[in-house]
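Enquirer: Pasting a structure here, questions to come.
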Amino acid sequence: MPKITIELPYEALERIVKNYPGALIEEAVRKFIIDSLGGETRITQPQVDESKIQRFLQDMINPFTAKIDDVARRLGSVVEVLDSLSERVKNLEEEVRSIKSKPEAQITPQPSKEVKKSAIDVLKDQKVMYEKDIASKIRNRDAFFEKLRREGAIVIEVKGQRIAIEPDFWRDFKTSLESLSTSNESEIKEKLGRIGHNLLKSLWEGGLIYYDSINKKWKFTEEFG
């Protein structure tokens with residue numbers, strides 16, 4: 001019997017072996033070929049057609065070969081895309097290096113200029129400014145408070161220090177004071193707030209205001225008026 005060497009893909013070989021459980025691979029392939037050609041009696045005849053066997057096997061292999069070719073084509077396309085992307089990245093890197101090497105591309109950050117607030121702007125934020133709190137910061141306090149006075153601030157001298165008051169806050173403070181009919185400190189804080197309470201306390205300690213317990217009113221002294 002002539003010998004034929006056949007190369008089969010693993011998938012085809014696996015399908016053939018499954019049809020003949022327990023048989024060796026060579027035996028399974030032999031039986032598969034014999035069964036496919038109609039039984040063993042046909043291949044024992046000297047006129048067996050080897051080309052027919054090859055065509056049959058080729059028909060089995062072709063689908064797998066087509067799949068492999070398709071995968072190879074797709075893989076080739078992916079490689080082409082990766083090569084193209086690699087070239088683009090390389091060009092971009094060269095452009096970045098070129099831009100960085102130019103003197104005009106070197107931008108020196110400019111320090112932000114902090115806008116210094118004027119004294120009257122600070123007073124608008126704080127509402128009330130006590131001389132004792134700024135004594136260590138302001139060298140010429142006379143000029144400082146005089147400038148505040150010219151810009152509209154209310155400046156009061158109390159117990160050896162000057163107090164500058166933002167004009168709108170001073171107006172609201174006096175309006176709230178007119179409706180304040182108690183000397184209870186917690187109620188005063190609730191009515192006037194922390195800043196208003198501290199101002200009232202400073203005016204009271206300086207003898208510029210007092211509480212009329214008969215009429216239940218806070219009143220400014222004649223000296224202050």
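Enquirer: Of all residues in segment 1-50 being outside any helix (DSSP H, G or I) and modelled with pLDDT of 75 or more, which is nearest to K67 (Cα to Cα)?
Expert: Across segment 1-50, the extreme among qualifying residues is P9.
Enquirer: Can you pull out the helices (runs of 4 or more DSSP H) entirely within segment 131-200 that have at least 1 residues that are within 17 Å of K219 (Cβ to Cβ) and in contact with a Gly (Cβ under 6 Å, 6 or more places away or on another chain)?
Expert: 167-178
Enquirer: So which pairs qualify, if the first residue must be in segment 154-165 and assigned by TED's automatic domain parsing to the domain that holds Q126, the second must be aromatic (F, W, Y) and modelled with pLDDT of 90 or more, the Cβ gap must be under 7 Å, and the two must be at least 6 apart or on different chains?
Expert: From segment 154-165, the pairs are I154/W170; V155/F145; Q161/Y130; R162/F145; I163/Y130; A164/F145.
Enquirer: Return yes when K217 is basic (K, R) and buried (at least 17 other Cβ atoms within 10 Å of the Cβ) and no when it is not.
Expert: Values: basic (K, R): yes; buried (at least 17 other Cβ atoms within 10 Å of the Cβ): no.
Considered against the rule, which asks whether it is basic (K, R) and buried (at least 17 other Cβ atoms within 10 Å of the Cβ), K217 comes out as no.
Enquirer: For segment 176-214, enumerate the residues that are among the hydrophobic types (A, V, I, L, M, F, W, C) and exposed (fewer than 12 other Cβ atoms within 10 Å of the Cβ).
Expert: Of everything in segment 176-214, just one residue is among the hydrophobic types (A, V, I, L, M, F, W, C) and exposed (fewer than 12 other Cβ atoms within 10 Å of the Cβ), namely I214.
The values are calculated or read from the model by the stated rules, or taken from the named source; none is laboratory data. Quantities reported herein were computed from a predicted structural model and do not represent experimental measurements. Backbone-built Cβ (ideal geometry, glycine too); neighbour counts: all protein chains shown.
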